[in-house]
């Protein structure tokens with residue numbers, strides 16, 4: 001994934017861009033209608049004049065202003081509710097929701113269209129009134145359809161179930177990409193990896209979170225092996241080692257531009273973060289202020305099937321850029337991100353601890369050896385948390401026995 005493609009995708013997911021495009025299309029529609037006025041037959045112009053169109057545009061403009069304001073307020077309230085009930089990390093997924101962006105874009109675009117058409121008609125550009133009426137009817141139809149979809153969407157927007165669905169979908173996407181290319185298409189750094197005796201170290205240009213590594217760019221900018229010392233999701237500090245080269249590169253600045261460093265973790269190349277978001281939802285549900293073990297149990301089930309499907313998928317061992325070496329996220333780290341917080345926070349609830357131990361037992365019999373071993377290693381830890389937190393000996397005795405011990 002190149003740096004330019006990453007930035008382009010992020011721009012495409014921005015809420016303001018979709019709204020601005022709809023507004024620009026609305027403005028262009030009015031201008032085209034005014035320029036095409038000479039093509040309208042005279043008898044149609046006599047039948048439909050500006051006086052018949054202006055009241056319709058006034059109604060559309062005033063109603064769309066109210067609807068847009070209401071929709072934006074509803075969206076903000078839903079995002080706040082999701083952040084409080086689930087986790088603030090799910091807000092990025094909600095902001096990128098395509099349906100919400102399209103609906104808001106249509107509402108604001110319709111308002112811009114009606115306002116622009118009113119200004120042109122009032123300024124004397126009345127020749128295109130029939131065409132403006134036709135476009136107005138089309139815009140009204142789009143608004144009605146958007147309202148129907150928006151009403152149906154509001155029933156789930158901002159709920160815990162909605163947050164879980166979004167987080168699971170993103171985690172599945174991230175895990176699928178990780179399974180296909182654990183080291184992002186580069187060679188995976190392991191205990192057997194041997195570095196050169198003499199290397200040149202390049203340092204991070206700024207402090208922050210490493211979000212994306214452009215492995216292809218690193219391969220194209222270097223003449224020899226490159227060892228990346230950090231991976232997406234980890235913190236980097238300005239002036240700290242970021243990568244090592246076996247020999248000097250022609251353009252070291254170009255190598256540093258292959259790294260996207262931001263303020264927060266993102267989902268592009270960080271499967272552990274996607275799993276962490278789900279785990280945080282479970283931890284929030286287990287907090288004393290919420291006390292919702294059902295959500296925690298549902299989250300454990302989602303994590304179980306995500307990791308199970310990840311283990312069943314056939315990994316692609318193709319290494320596209322063998323001269324670049326990257327640290328991959330390992331199965332033990334994924335299991336740690338998924339279940340360690342839940343084992344700690346849900347230890348005092350028998351139903352949660354039971355579900356977690358059963359899940360780890362099932363994953364311990366999975367198809368991927370590394371994942372199975374990590375799950376078997378996590379199971380005694382989860383049991384120890386539960387035994388320390390449960391106050392009744394009868395509850396401790398009811399904890400399931402491991403089948404993989």
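Below is a table of values for the structure above.
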quantity	calculated
Relative contact order (%) - the stretch 63-115, alpha-carbon pairs under 8 angstrom, separation at least six	54
The stretch 3-158: equivalent-ellipsoid semi-axes (sqrt of 5 x gyration tensor eigenvalues, Cα, Å)	36, 17, 11
Nearest-0.05 FRET efficiency for residue 313 and residue 142, computed from C-beta distance (R0 35 Å)	0.30
Relative contact order [Cα under 8 Å, 6+ residues apart], the stretch 186-262, whole percent	43
Helix 160-180 vs. the chain, principal-axis angle (Cα, 0 to 90°, nearest 10)	60
Per-bin percent of Cα-Cα distances, the stretch 186-262 [10 Å]	19, 55, 25, 0
With Cα atoms, 0 to 90° folded angle of helix 369-389 axis to the chain main axis	80
Mean shadow area of the stretch 139-249 over all directions, Cα convex hull, nm²	11.9
Contact order relative to length of the chain, as percent, for alpha carbon pairs under 8 angstrom and 6 or more apart	17
Residue of 12, 208, 364 that the Gaussian network model of the chain assigns the largest fluctuation, springs spanning Cα pairs under 10 Å	12
Angle between the chain longest axis and helix 15-35 axis [Cα atoms, degrees, rounded to 10]	20
Efficiency of FRET from Cβ geometry, residue 291 and residue 393, R₀ 30 Å, rounded to 0.05	0.80
Surface/4 estimate of mean projected area, convex hull on alpha-carbon atoms of the stretch 336-405, nm²	4.1
Equivalent ellipsoid, the stretch 36-114 (semi-axes from 5 times Cα gyration tensor eigenvalues, Å)	41, 13, 6
Three-way shape label, the chain, alpha-carbon gyration tensor, a/c 1.5	oblate
Within the stretch 169-193: backbone nitrogen closer than 16 Å to the residue 377 label point (7 Å, Cα to C-beta)	190-192
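None of the figures in this text is laboratory data; all of them are computed from the coordinates on show. Keep in mind the model is a prediction, meaning the values are calculated, not measured. All Cβ positions, glycine included, derive from the backbone under ideal geometry; neighbour counts span all protein chains shown.
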